[in-house]
Amino acid sequence: MAWKALKYLVVSGIVLASVVYASRYAYFNYYMEYQAKNLVRDYLKDPQSAVFRNIDSRHQVFCGEVNSRNSFGGMVGFSRFIALPRDSRVLLEEEFESRNAGELFEQSWRLTCEPA
């Protein structure tokens, strides 16, 4: 009888640990990605038109591409971004290029977003 109770406790512990791990995984992957997208949208002229692709997360940093409409209503083309939701920071490729600092963004992209 004691073995049966012990088995039950072990299985219950494993199930509980799995549920806790799954909820943390879901929080990070879905909620943090949602936060990252909202941070990027804050920098766009037409946030509702934002189309995201190739989003990847590494160490609580989200890298990806976004396309949205400009002031004239045309889509501008995909531009890369690096978003840090915990720090509420976003680096947009087009902002660096407009300041003639495209190489700085390129270095940040290579260090943060590309596999080692």
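Can you return the lysines within cross-link range of residue 37? Criterion is Cα-Cα under 22 Å, with same-chain partners fewer than 8 residues away left out. Hits, sequence-local ones excluded: 45.
The residues packed around residue 106, meaning those with a beta-carbon under 14 Å from its beta-carbon, carry a net charge of -3 if Lys and Arg are +1 and Asp and Glu are -1. Residue separation of residue 107 and residue 87 scaled by 0.36 nm, minus their Cα-Cα distance, works out to 5.2 nm of gained length.
For the stretch 51-104, what class follows from the C-alpha gyration tensor (a ≥ b ≥ c being the square roots of its eigenvalues): rounded when a/c is under 1.5, otherwise prolate if a/b is larger than b/c, else oblate?
It is oblate, given that a/c is not under 1.5 and a/b is not larger than b/c.
Dipole orientation for the stretch 28-116: of the candidates 78, 104, 40, 40 has the Cα lying most toward the positive pole (charges on Cβ; Lys, Arg +1; Asp, Glu -1). Shape class of the stretch 22-116 from the Cα gyration tensor (axes a ≥ b ≥ c, square roots of the eigenvalues): oblate, since a/c reaches 1.5 or more and a/b does not exceed b/c.
A straight chain from residue 60 to residue 46 at 0.36 nm per residue would run longer than the Cα-Cα distance by 2.4 nm.
All of the numbers you see were taken from the coordinates with simple rules; none came from a lab. What you see is a predicted model; the values in this text were computed from it and never measured. Methodologically, a virtual Cβ is constructed for each residue, glycine included, from the backbone with ideal geometry; neighbour enumeration extends over all protein chains shown.
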